[in-house]
Structures are given as structure tokens and as C-alpha cells.
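Worksheet for the structure shown next.
Each value in this text was obtained by applying a stated rule to the coordinates, not by laboratory testing. Since we're looking at a predicted model, the values are computed, not measured. Cβ: placed from backbone, ideal geometry, glycine included. Neighbour counts: every protein chain shown.
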Amino acid sequence: MTLSREAALALLHEYTQSESLRKHALAVEACCRSYAPAGEEELWGCTGLLHDFDYERWPTLPDHPLEGNKILTALGYPEPMLHAILAHCEHTGVKRESALDKTLFACDELAGFLTACALVKPGKSLAEVEPSSVKRKMKDKAFARSVSRADIEQGALELGLPLEEHMARCLTAMRAIAPALGL
């Protein structure tokens, strides 16, 4: 199969009707692309784009992401993508081994948290968000309570980066597509 963003985006739209979930997929795509080695941007970006494409249909554990992975397998998506998507959820028992596995995990929760941080700013803009303010917000357990702070910290650790550096990189990636995110 030839991997294409257009096909991945069509699949996302086929399975995901929620605008907020679609925007989350775009945010994770941008973050993953920012870490992709030369020549692997499409694989890493499409992995971010499709990591939760099945969530609306199968939101409960253990179905997500197992059901989506069956669909991706049948469509011929590459094994590194399939593994990374399974590895981004702890309950699958799939270990994060590759750089792609670790990047998807590191970007998923953080992209959601950065979005939440932008939405509480006066202009609802990513341009108003800085890593230092994100770190402060992480201490407020009532803010974006469904986002795992432990996963955000573990993600940066697995990437071998200081948390603020990882935040800054993802902010830059998301700012580049801010109009598509509505931020």
C-alpha cells in the first residue's frame, strides 16, 4: 500500500464525525510530523492522524484501538503504524519500542492538553500558550482532568527530552496548523 495523507484523512472522516476528535487527530499528526526523520514524515503524520480514528465507534476498553487496528491491517497499513497505534494505549500490553511508538505516545496526551490550555486563553489561541504556563496548568488537577499528567511526563521521558522542550516543539507544530485547529 502507498501511504497517503489524503487516504488517511478520508478514513478519519469516514469513522470520526466529532469535530473535536478530528482536530485532535490533526494536532497529534502535526506533533508527530515534527519529530519524523527525513523521509518518514508521511508515516509518522498518518500514524498521528489515525491513532484514534476508531474511538467514536469503539470508545470502551479494550475495543479501542484494537478494532481500529483490525481495519488498518485489512487496508494494508504498514506494521510500524499498527504497532505504534496499539502501543499508545497501555491496556493493549503492546510495548513502546520504536521512536515512532514513543513519539505517538508522547504527543497524544500533550496535544490534548495544549489545546485545553489554548481554549482558556482570552483569544483562544495557541500563540498565547507558553511551556511555562502549560507546566503551571499541569499542577491544577481540576483543569483538563481527563488528561493524564503522568502520561505527558512519561512521554517526554521516553523521548529523552526535558518536558518544556517537548512542549515547545509540539506548540510550534500545532501553531503551524492553528487555523485548522481553530486555535
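Stokes-Einstein diffusion for region 1-159 at 20 °C, viscosity 1.002 mPa s, with a Kirkwood radius from C-alpha pairs, works out to 134 µm²/s.
For region 1-71, the gyration tensor built on C-alpha atoms gives a prolate shape. Its axis ratio a/c (a ≥ b ≥ c) is at least 1.5, and a/b is the larger of a/b and b/c. For Lys124, the lysines whose Cα falls under 30 Å of its own Cα, not counting residues fewer than eight places away in the same chain, are Lys23, Lys102, Lys135, Lys137, Lys139, Lys141.
Counting only DSSP H runs of at least 4 residues, each contributing -39500 (n - 2.57), and dividing by the residue count of the chain, the helix-based mean residue ellipticity at 222 nm comes to -19500 deg cm²/dmol.
Shape index of region 47-90: Rg/Rh, with Rg the Cα radius of gyration and Rh the Kirkwood radius from the inverse mean 1/r over Cα pairs, equals 0.92. In the Gaussian network model of the chain, springs joining C-alpha atoms below 10 Å, which of Arg96, Arg169, Arg22 carries the largest mean-square fluctuation? Maximum among the listed residues: Arg169. Placing dummy labels 7 Å off each Cα toward the beta-carbon, the span from Ala38 to Leu161 is 2.0 nm. Between Lys95 and Arg5, the contour length at 0.36 nm per residue exceeds the alpha carbon distance by 29.8 nm.
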